[in-house]
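Visitor: Before we start, here is the structure in question, set down as structure tokens.
The values are calculated or read from the model by the stated rules, or taken from the named source; none is laboratory data. All of these numbers come straight from a predicted model, not from anything done at the bench. Methodologically, a virtual Cβ is constructed for each residue, glycine included, from the backbone with ideal geometry; neighbour enumeration extends over all protein chains shown. We work out accessible area using only protein heavy atoms, side chains counted, and drop any ligands, DNA or RNA first. Shrake-Rupley method; radii C 1.70, N 1.55, O 1.52, S 1.80 Å.
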Amino acid sequence: MNMETVNVWAQLIASLGVIISLFYLAAQVRQNTRSARAIVVDSLARSMHDLAFEIAQNDELLKLATTSLQDWNSGTELERARFASFMLGYFKLFENAWFQMHKGTLERDQWEGYDAFLRSVWMHPTVKTWWSMRRTFFAPGFRQYVESCKEAPSVPSLSELVQRENR
């Protein structure tokens, strides 16, 4: 075998090595993407859980969420401040989920639950009053989405849920 043949074979083997490496790299990127998506979905679910847990453990916050602020002006300054902070947390979470859904990280099926919850919260006049004072804290696309939301069909509010009689 002459040097030219050896050189051709070496280049062929090197090229195959590069191609195999690219396939391996593509598989690793795909796996990393799946892992990143799982982390995002888990983080969103954990954040939703933490906010729900906070409201379940805090009697004042639970009262705010269920009864006290059906009318924005009926609450005290402290109640309105607590409610405003709480709603900012929820809506930032909704905005993150909306953004992740639009970027393809959160599946549309997963978004449906966030969307239903957002729409059930959005139907309260108090939330709309709060939103009108805080809407600029959110991305323009999310603001447009929220403001075009329709009421969630057959989803009782939290106060309706706790006031229902057993059937």
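Visitor: Could you tell me how many of the residues in the range 117-145 are open to solvent by 30 Å² or more (accessible area, probe 1.4 Å) and of a type in the set (A, V, I, L, M, F, W, C)?
Guide: 5
Visitor: So Met101 clears everything in (1) touching a residue at least 24 places away in the same chain (Cβ under 8 Å); (2) in a helix (DSSP H, G or I); (3) not small (Gly, Ala, Ser) except one condition, right? Which one?
Guide: (1)
Visitor: Can you tell me how many residues within the range 29-77 are open to solvent by less than 90 Å² (accessible area, probe 1.4 Å) and more than 24 Å from the chain's Cα centre (by Cα)?
Guide: Residues in the range 29-77 being open to solvent by less than 90 Å² (accessible area, probe 1.4 Å) and more than 24 Å from the chain's Cα centre (by Cα): 9 in total.
Visitor: Counting only residues that are open to solvent by less than 80 Å² (accessible area, probe 1.4 Å) and farther than 30 Å from Thr105 by Cα, which one in the range 8-28 is farthest from the chain's Cα centre (by Cα)?
Guide: Taking the candidates together, the pick is Ala10.
Visitor: For the range 119-142, enumerate the residues that are modelled with pLDDT under 90 and among the aliphatic types (A, V, I, L, M).
Guide: Scanning the range 119-142 gives Val121, Met123, Val127.
Visitor: Mind counting the residues in the range 85-106 that are surrounded by fewer than 17 Cβ atoms within 10 Å (Cβ to Cβ), under 17 Å from Thr129 (Cβ atoms) and modelled with pLDDT under 90?
Guide: 1
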